[in-house]
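The values are calculated or read from the model by the stated rules, or taken from the named source; none is laboratory data. Owing to the predicted nature of the structure, the values given are computational and were not obtained by experimental measurement. Ideal geometry is used to build each Cβ from the backbone, glycine not excepted, and the neighbour counts take in all protein chains shown. Areas reflect the complete protein model, heavy atoms only, side chains present, ligands, DNA and RNA absent. Shrake-Rupley method; radii C 1.70, N 1.55, O 1.52, S 1.80 Å.
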Amino acid sequence: MQQTDFLVIGSGIAGLTYALKVAHQYPDKKVLVMTKATADETNTKYAQGGIAVVNDTENDSFEKHIEDTLIAGDGLCNKQVVEIVVKEGPERVQEIIDWGARFDKEEDGDYKRGKEGGHSEFRILHHKDVTGMEMERALIDAVAKQKNIEFVKHCFVVDLITQHHLGYLVTKSTPDVECYGVYVLNLHSNKIEKILSRITVLATGGNGQVYRTTTNPSIATGDGVSMVYRAKGRIENMEFIQFHPTALFEPGVRGQAFLITEAVRGDGGILRNSSGEAFMERYDSRKDLAPRDIVARAIDSEMKRTGTEHVWLDCRHFSKEKFTEHFPNIYEKCLSIGIDITKNMIPVAPAAHYSCGGIKTDEWGRSSIRRLYACGECASTGLHGANRLASNSLLEAMVFAHRCFLDTMASLDNAQFRDDIPDWNAQGTAEPKEMILITQSLKELQLLMSDYVGIVRNNIRLQRASRRLDLLWEETEQLYENTSLSPQLLELRNMITVGYLIVKGAGFRKESRGLHFNTDYPNKSELVQNIVL
Ligand code: FAD
Ligand code: SIN
């Protein structure tokens, strides 16, 4: 058993930003950062395009960034939160620069600013096409210098500890549910350990792995959302899954797909269908730089109409020098599979990319469970509404990690350790005999989510998905009750929960808005509401 003042679950931009701040503020207190994988295997590491921020007040303004975010969010953003993130953003970006992150600069020393779908101005700071890798590097380096941060890798957080573990009945209507720490599967010892904390922060990232093809790495299995749901906390707007329009299409590749950043279209890349037509102008006056939901749906519609598995991204008009200066990683990746972007078009198709909904928080990152904060992609702060504006998530993660830190300072004194938490009970469980029971269920889950709950939905598909999820849930719960825990089983269980929440949210939303498009309700409802589960 371990005790820590601050427990941070997740080592991406959200978790590490929070950890650095509390560690600096409380040099005599312990901060424990946990991750189920290696230190940097996070969605953060794969971010390409960059971070949207207003730092050129001559051509850009907070008002314009706020307006772009609200338009993308399609009526469902919390305007107060949008203002907070946009206006506090520049200070947070300066902080990560001070911690050592480097963004590309012009020869005169000013920052280079890129553009992506839905942005009215060039405002995206980037480090070539590997911005996330650079930010994650800077954060990990800064954490290594902070003596009171303990960084524990390969530890899988299983569940939040609440009054439920003390024998009380906890339901959705129980007031003042509190988080006292977590149970963790230590992947070195294969034992479940108990970690007690005064303050716990969930920064567990996204859930793209619920779908067959995703830009997310294998860690993105929605664990934080699922844990909060089991602990009877509030989850919001899970139906808004963002599909990135342009993941590299490689025949036979399942799971994580390589991203072709939207910044390529920002620099002039053109989408073409199988006949070579630049089709986006038929869908939206902003053409290739319309918000993501519109571009992804247009591509989906072109693929269905022409019976193809991908469309093309045409960059043949770029000079090699210009392309490789901004996108060296993409250039190399394409070349490695025989695509010379100066001569060949890039095959691309939409892939699950970002979860706009998640653990419901207030404007200080407080979840509905006391002593538990959530920030980063696992949180639903109200910024994104029905569709996230490109490159707003790294910004949101930093702004909200900071706000969680500010609120922690105000609430720490009221959060004390409990000494009556029982150990994990593993009695009656046996070693799993057949991994196929888990891997096959995972394939079924990913297929049904992609086929029935993808870019375009309808009532019959959602009903079918729901019935199949029920069966998968029942079978997986049996395994969970009877076998000793493995990360594969825990992830499957969490992903089925996330699938259930997406389908439930989609079923309740009797309209089409932002990323949720249901052909049975093709219009927006006049009732503008968040769906809270
Ligand atoms: P992550 O960085 O995903 O970190 C999650 C952490 O939680 C990991 O350390 C993981 O191991 C840990 N974890 C999860 N579950 C458990 C558990 N059960 N136990 C212990 N640890 C756990 N956004 C932008 O703003 N700009 C971009 O250019 C951009 N490009 C992107 C490109 C790609 C390919 C992808 C996938 C995303 C991109 N995004 C971009 C989105 C953005 O990168 C993510 O939303 C953001 O990095 C999420 O950060 P996070 O800290 O919330 O989570
Ligand atoms: C991209 O670079 O296209 C991804 C940006 C984002 O997801 O915000």
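Here the spin labels are modelled as points 7 Å beyond Cα on the Cα-Cβ line, and at Lys433 and Lys29 they lie 5.0 nm apart. Taking label points 7 Å from Cα along the Cα-to-Cβ direction, Glu526 and Ser301 give a separation of 2.6 nm.
The HN-Hα couplings worked out from phi for region 253-265 by the Karplus form 6.51 cos²θ - 1.76 cosθ + 1.60 (θ = phi - 60°) are 7, 10, x, 6, 9, 6, 8, 10, 4, 4, 4, 5, 6 Hz, whole numbers, x standing for Gly and Pro. The phi-based Karplus calculation (6.51 cos²θ - 1.76 cosθ + 1.60; θ = phi - 60°) puts the 3J(HN,Hα) values of region 61-67 at 7, 4, 4, 5, 5, 4, 4 Hz, whole numbers, x for Gly and Pro. Given +1 at the Cβ of Lys and Arg, -1 at the Cβ of Asp and Glu and no other charges, the dipole of the chain around its Cα centre is 1000 debye to the nearest 20.
Only DSSP H runs of four or more residues enter the estimate; each adds -39500 (n - 2.57), and after division by the residues of the chain the mean residue ellipticity at 222 nm equals -11000 deg cm²/dmol. Take the Cβ atoms of Ser275 and Val456, set R0 to 25 Å, and the FRET efficiency comes out at 0.70. Separation of region 50-84 from region 315-386 is 18 Å, based on Cα centroids. Taking a straight line from the alpha carbon of Lys105, these lysines sit under 22 Å away, with near neighbours fewer than eight places off in the same chain left out: Lys45, Lys115, Lys128, Lys320, Lys322.
Under 17 Å from a label point set 7 Å out along the Cα-to-Cβ vector of Asn59, the amide N atoms of region 102-122 belong to 104-122.
Taking amide H as placed 1.01 Å from N in the peptide plane, Val158 has its amide H under 5 Å from the amide H of Tyr183, Val184, Leu185, each at least 5 places away in sequence or on another chain. Stretched out straight at 0.36 nm per residue, the stretch from Gln146 to Leu335 would grow longer than its current Cα-Cα span by 64.0 nm. Annotation: for a label point projected 7 angstrom from Cα along Cα→Cβ of Arg254, residues of region 442-484 with backbone N closer than 14 Å are 442-451.
Given their separation in residues at 0.36 nm each and the Cα-Cα distance between them, Phe508 and Leu471 gain 11.2 nm when the chain is fully extended. Fully extending the segment from Lys191 to Asp362 would add 58.1 nm, taking 0.36 nm per residue of separation and subtracting the current Cα-Cα distance. Around the amide H of Thr483, modelled in the peptide plane, lie the amide H atoms of Ala430, all under 5 Å away and 5 or more residues distant in sequence or on another chain. For Asn216, the amide hydrogen comes within under 5 Å of the amide hydrogens of Ala257, counting only partners 5 or more places away or on other chains and with H modelled in the peptide plane. Across region 323-340, rounded Karplus estimates of 3J(HN,Hα) from the backbone phi angles (6.51 cos²θ - 1.76 cosθ + 1.60, θ = phi - 60°) give 5, 6, 5, 8, 10, x, 5, 5, 4, 5, 4, 4, 4, 5, 10, x, 10, 9 Hz, Gly and Pro being marked x.
Just the number please: accessible area per residue for the chain, 1.4 Å probe, all protein chains included, in Å². That works out to 40 Å² per residue.
Think of the chain as a dipole: +1 on every Lys or Arg Cβ, -1 on every Asp or Glu Cβ, centred on the Cα centre; then among Gln488, Phe243, Ala351, Gln488 lies furthest on the positive end.
Simple point charges give the picture: +1 on the Cβ of Lys and Arg, -1 on the Cβ of Asp and Glu, and for region 97-248 a dipole about the Cα centre of about 540 debye.
Overall, region 293-399 carries a charge dipole of about 240 debye about its Cα centre when +1 sits on the Cβ of Lys and Arg and -1 on the Cβ of Asp and Glu, all other atoms neutral. The portion of the accessible surface of the chain made up by carbon and sulfur, rounded to a whole percent, is 49 (1.4 Å probe; DNA, RNA and ligands excluded). Total lysine pairs in region 141-272 at Cα distances under 25 Å, for residues eight or more apart or on different chains: 7.
Projecting label points 7 angstrom from Cα along Cα→Cβ for Asp419 and Tyr168 puts them 2.0 nm apart.
Sparse packing (at most 11 other Cβ atoms within 10 Å of the Cβ) combined with a DSSP loop state is found for the following trypsin sites (Lys or Arg not before Pro) in region 310-360: Lys343. Just to confirm my numbers, what's the Cα centroid distance between region 1-17 and region 256-275 in Å? Cα centroid of region 1-17 versus Cα centroid of region 256-275: 36 Å apart. Work out the charge dipole of region 294-409 with +1 on the Cβ of Lys and Arg and -1 on the Cβ of Asp and Glu about the Cα centre, then indicate which of Phe327, Gly385, Ser368 is farthest towards its positive end. It is Ser368, whose Cα lies furthest towards the positive end. Selection among Ile97, Gly73, Gln146 by position relative to the dipole of region 55-181 gives Gln146 as farthest towards the positive end (Cβ unit charges, Cα centre). Listed by chain and number, the aspartates and glutamates whose alpha-carbon sits under 13 Å from that of Lys360, ignoring those within fewer than 8 places in the same chain, are Glu236, Glu377. Packing-based ranking of 392-402, 437-447, 40-50, 71-81 yields 392-402, 40-50, 71-81, 437-447, ordered from highest to lowest mean Cβ neighbour count within 10 Å.
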